[in-house]
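The structure under discussion appears below in the form of structure tokens.
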Amino acid sequence: KLKYDNEIKAKEDSIKTLQGQLKDRDKDLDTLRTQLADGNKDNETKISELTTQLEKLQGDYDTANKSYKDQLKKQSYEFAVREFANNQKFTSQSAKKAFVQSMIAKDLKMEKDTILGADDFLNVYKESDPDAFVVEQPPTPPAPAQPLPSFGQPTPPTPQPSEQDEFAKLFSFDGVR
């Protein structure tokens, strides 16, 4: 009987050990399930954070891209205005500068490299400030040829001093040459 009792006791100890191990495994499984659930929450949080960051970056990119395109459009418009002004004849640099600033402020529409309504703006500006532009004068005809200047007749030679003129003899005065 003792032999069987020892075996039963060994089996009971083995059962208790195995039950303890099962309880430990159950606790580990519960911990893993909790961690997995928390990980899913973390993943959802991380995904949410990453999505928010991505949307912010996309918004920043869109804003920067729009700003860049607007600057490029403005710069090309200003260049076209300056080119248009270079084809006009102004009375001074300040008149040209005022014209360019007025045209830029008007912000006319552009189609490719041409400013729509630029000629109309130029005509209105010429009417409002006619002194800013050089007025084309028709060429004046050349003056008629004037006759060459004439010099008087040559002077007659001076006569030789007479012997009676002592003063002329003393100084050998022959007259003006």
Test: residue in segment 75-88 that is in a loop (DSSP other than H, G, I, E, B) and either surrounded by 10 or more Cβ atoms within 10 Å (Cβ to Cβ) or among the acidic types (Asp, Glu) (or both): yes
Segment 81-105 residues that are closer than 17 Å to Asp120 by Cα, paired with ones that are part of a loop (DSSP other than H, G, I, E, B) (beta carbon under 6 Å, 6 or more apart): Lys89/Val134
Check on Asp5, more than 30 Å from Val134 (Cβ to Cβ), open to solvent by 80 Å² or more (accessible area, probe 1.4 Å), among the charged types (D, E, K, R) and in a helix (DSSP H, G or I): no
Residue match in segment 96-109 (condition: at pLDDT below 85, open to solvent by less than 90 Å² (accessible area, probe 1.4 Å) and either closer than 30 Å to Glu136 by Cβ or not in a helix (DSSP H, G or I) (or both)): yes
Options Lys66, Lys56: the member that is farther than 30 Å from Asp113 by Cα and within 30 Å of the chain's Cα centre (by Cα): Lys56
Top-ranked residue of segment 120-173 - restricted to ones that are open to solvent by less than 100 Å² (accessible area, probe 1.4 Å) and acidic (Asp, Glu), ranked as modelled with the lowest pLDDT: Asp165
Cβ-Cβ under 6 Å pairs, at least 6 apart or on other chains, segment 134-153 side at negative phi, far side open to solvent by less than 100 Å² (accessible area, probe 1.4 Å): Val134/Thr91
So Thr51, is it over 30 Å from Asp107 (Cβ atoms) and open to solvent by less than 100 Å² (accessible area, probe 1.4 Å): yes
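The values are calculated or read from the model by the stated rules, or taken from the named source; none is laboratory data. This is a predicted model, so every value here is computed, not measured. Positions of Cβ are backbone-derived with ideal geometry, glycine not excepted, and every protein chain shown enters the neighbour counts. With ligands, DNA and RNA removed, areas are computed over all heavy atoms of the protein, side chains included. Shrake-Rupley method; radii C 1.70, N 1.55, O 1.52, S 1.80 Å.
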